[in-house]
Each structure stands twice: as structure tokens, then as C-alpha cells.
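Asker: Pasting a structure here, questions to come.
Here, each number is a calculation from the coordinates, and none is a lab measurement. Note that the structure is predicted; figures quoted are calculated from it, not measured. Here Cβ is always computed from backbone atoms with ideal geometry, including for glycine, and neighbour counts include all displayed protein chains.
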Amino acid sequence: MTTPTSHPSATAASGTPMSANLVVFLLALLLGIQPVTTDLYLPALPALTQNLSASMSQAQLTLTALSLSFGVSQLVWGPLSDRFGRRPILIWGMAFYAVASFGAALASTIDLFIIWRMAQGAAMGAAVSSARAIVRDLYAPIEGARMMSKGLTGLGVLACCSAPTGALLGHFFGWRATLFSVAVYGVFITYVLATRFLETNPHKNPRALRPTVLASNWWHIAKTRAFWAFTALAIASYACLFTFLAASSFVFIDVLGLNKLEFGAAMFSISLSYIGGTLLCRRLIVAWGIRRALRLAGFITLGSGTVMGILPFFGIVGIWTILVPIYGLLIGHGIHQPCSQSGAVSPFPKMAGAASALNGFLMMVAAFFVGTWLGDHMDGTVQPLTSGIWFWTVMIAITAWFVVPRWGDLPQEDAPPKRVPAK
């Protein structure tokens, strides 16, 4: 059995090649829409909450409502991209995202802001579900995980830039400036897709939207053990990250006393650790295979989460008791997410959009419940953040060590290539 190797270019459905660099750039833009939409406005969230006279639960709803609409919309965008192709869905979706972003920037009440955030989330579903499907369109499992990790490295770079940029814009121009910058990103990504992206779906299914076909596709995906094994890991890993994202600005600014610029610098350093995780992921899956890479990441994640969770019980609370463990968590996240997202869609070459959509929907449902729980339990201490993260790191380790090895069989063997001795 052969192992996929790196390709200098990827052939689009039209037969025209797209360079690997262009594919990675597009993946980074599409996957990076999540940190741009969330991290960019996090430094301004306390000020936004005060300016719009919002409660803590309403402030959390600006994140959780976006996440829920993001998740649900993927169930629509995925089958649509299987039917009509990735390109038209992406272009229309990102144009809608730009409009929704301008609406959020101009919102005069917290209720209007939440509505526009939900519209943003719905549009984001086109970007992320299609990005995962593009990887499946073009690459086999191991190469797909490597390309996904490269795209997520780009996401990390955008995350590095997002929080500091949001902090600077919020500090000098107010919270609305951060939302206008998100809208500009939407316009830019729409332009790039319209001018550079070529269709990658070679299996457009004219029957993909028929109820009987949809039901058959969902059933086929739902009964595939590998999908659930890798999706469980993706859910636990993202829920852990979302616990941090949803509570970070309040913990760092309101509890630990950082100003907006210091918070932006902290988020920048955290994003660097995530980039390091994605770079490590590429090396590990080639040298060790997906399962062993996930096993190591499970140790890193659980160790970091346990340190973060235990210290507050001994009265040890400070900026570094949060930051240092988060560095480890984001390194683990940089390994878990590329492997889990690629693994979840790998068994479905002809319905990658639907599989990606269901995977993303389940991740966002988990994020919605995490955000709702945090909105009810934030008590002016670090405890909800640290305990929530500790719980999810336990779930990550269990899934990486036991669930994926037992049920995560992929279409092609994910063991590293055997070295052939030189003659």
C-alpha cells in the first residue's frame, strides 16, 4: 500500500492545476475566518457590553449565537456545495458575510448586534465546511491532514494578528472599528475567491438536495465509526478552545487586571503556540502516523489542563498560571484539529461537503452549550475557565488514546512510510 506524498499542485475539477501554495493560502483565508470573526472583537467585548447596556449573559450570547448559527448553517452549505460545487457557494457565502459584518458594526442595540452576529455565523458556515471539503476533494488522508495543518498554520497567523489588531483598533477608535475591519476581511476574501479559486468538486451530484438522497447520505455518514471517532476528538478539542475564547477577555481584563493592549499581546503569544502545534503536527504525522501523533498530543493537552485546573484550588492564581498551561493546550490543539477534521471527512470522497457540514455542526453545538454554561457560571473568578478547560482536556485524552485507535480506521493506512535502505 502506498502512502500519499506531497504534490506540487492540486488539480481542480476543471483539470486546471492550482499550486499547493495557492491552496494553502485559500485554506488559511477560509479557516481563518473563525479567529478573525471572534478574536478580533474579544478585546472590545467588555467595552461593547457596557456601551450597549448588555448583561453578561447577552455578552456571551454574541459568541454562542454566532457559533450555533455557524453550526446549523453548515448542514445547509455542505449539501449545497456537493450539488453546485464549492466555488459558487463560497463566493455567495462570503459576500453575505461581508454584508452581515457591516450590519454588526452599525448595530445600535445589543439585540440587533446579536442578530447580525447570527447572520455572520451563518455565512461563516460556507467558508469552513467548504474548506474541509476542498481538502478531501484534492488529497488522500495523510496528505489531507498535512495540508489541513498548513491551512491551520495560516489560521494561527491570522489569530496572532486578530487579537492585537482588535486591541489597537478598540483602544484608539472604539469597538465598532473592530467590526468594520471584519467587514473589510469579508470583502477581501470574496475578491480572492472570485479571481483565483478554481472549482475542486469532481463529483457534483445533481440529486444531492433531494430529501431521499440527503437522508441516505446522512445515514451513510452517521453509521461510519471513523466519522464519529474523529468528530468526537474535534468536538472535545474545539470545546476546550471555545471555553478559553468565551471567557478569556473577562478573566484577563476584569479578573486579572490586564488592559486591552496587554490582553492583545497575551492572545498574540497564545496564537504563536498554536502555530507551533500545527508545525509539529506536520512532522509527527509523517514520522509517526496520525494515531501516534494524537496520542502524544493527548499527553500534552491533559498535562496542561490538569496544571491549570489544580492550581486555583491551592489559591495559586495569576496571569502565568493561565498563560503557561494555555500554551501547552494550543500546541495540542494544533495537532488534534488538523487530524480530526481531515479524518472525519476522509471516508466520504463523494459527499465530503455533507460530512464536513455534520462535523462542523456538532462542534458548534458543543460550543453553544459551553458558552451558555459559561454565561451562567462566570462569577468574577478564574474557576469557571480553569475547571471547564480541565474537564475538556480529560475528554480529549480519552478520545485520542482510546476512541480513535479503536474506531478511527481511515480509507488508507495512516502509518508512516517505511524507509527503504539505500542500495
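Asker: For the chain, what number results from the quotient of the Cα radius of gyration and 2.2 N^0.38 Å?
Answerer: Cα-based Rg divided by the globular estimate yields 0.93.
Asker: Next question. Positive end of the charge dipole of segment 17-407 (Lys, Arg +1 and Asp, Glu -1 on Cβ, about the Cα centre): tell me which of 62, 151, 405 has its Cα farthest that way.
Answerer: With unit charges placed on the Cβ atoms, the residue in question is 405.
Asker: Additional query: Put a dot 7 Å past each Cα toward the Cβ at residue 288 and residue 168; how far apart are the dots in nm?
Answerer: 3.7
Asker: Just the Cα atoms of segment 161-203: what Rg and Dmax do they give in Å?
Answerer: When restricted to Cα atoms, segment 161-203 yields Rg and Dmax of 15.1, 49 Å.
Asker: Could I ask something else about it? Using amide H atoms built in the peptide plane, which far-off residues or other-chain residues are under 5 Å from residue 18 H to H?
Answerer: 10, 11, 12
Asker: Taking the Cα centre as origin and putting +1 on Lys and Arg beta-carbons and -1 on Asp and Glu beta-carbons, what dipole magnitude results for segment 62-178, to the nearest 20 debye?
Answerer: Numbers: 9 positive and 4 negative charges, 39 e Å.
Around 180 debye, computed over segment 62-178.
Asker: If the reach is capped at under 14 angstrom between alpha carbons, list the aspartates and glutamates near residue 204, excluding any in the same chain fewer than eight residues apart.
Answerer: Filter leaves 82, 137.
Asker: Translational diffusion coefficient, Stokes-Einstein: compute it for segment 157-244 using the Kirkwood radius over C-alpha pairs as Rh, at 10 °C and 1.306 mPa s, and state it as an integer in µm² s⁻¹.
Answerer: On the way: Rh = 17.6 Å.
The diffusion coefficient I find is 90 µm²/s.
Asker: What ranking, highest mean first, results for peptides 334-344, 202-212 when packing means the other Cβ atoms within 10 Å averaged over each residue? Display every interim value, and only then the final one.
Answerer: Working: 334-344: 29.6, 202-212: 13.4.
Descending packing order for the listed peptides: 334-344, 202-212.
Asker: Give the Cα extents of segment 250-387 along the principal axes, in whole Å, largest first.
Answerer: Principal-axis extents of segment 250-387 (Cα, largest first): 50, 33, 29 Å.
Asker: Using +1 on the beta carbon of Lys and Arg, -1 on that of Asp and Glu, and nothing else charged, what's the dipole of segment 17-407 about the Cα centre, debye to 20? Mind showing how you got there, number by number?
Answerer: Details: 23 positive and 10 negative charges, 303 e Å.
Dipole of segment 17-407, to the nearest 20 debye: 1460 debye.
Asker: Report relative contact order for the chain in percent, whole number only (criteria: Cα-Cα under 8 Å, sequence separation at least 6). Could you put the intermediate results ahead of the total?
Answerer: Values: 788 pairs, mean separation 118.9, N = 423.
Relative CO of the chain lands at 28 percent.
Asker: Evaluate E = 1/(1 + (r/R0)^6) for residue 409 and residue 209, where r is the Cβ-Cβ distance and R0 equals 30 Å; express this FRET efficiency to the nearest 0.05.
Answerer: Numbers: r = 30 Å, r/R0 = 0.99.
Once the sixth-power term is evaluated, E becomes 0.50.
Asker: Springs between alpha-carbon atoms under 10 Å, Gaussian network over the chain: tell me which of 228, 390, 288 tops the mean-square fluctuations.
Answerer: For the chain, modelled as a Gaussian network with Cα springs under 10 Å, the answer is 288.
Asker: What residue among 134, 89, 389 has the largest mean-square fluctuation in a Gaussian network model of the chain, using Cα springs under 10 Å?
Answerer: Between 134, 89, 389, it is 89 that shows the largest mean-square fluctuation.
Asker: With a 10 Å cut-off between alpha carbons and a GNM built on the chain, which of 192, 182, 157 moves the most?
Answerer: Highest fluctuation among the options: 192.
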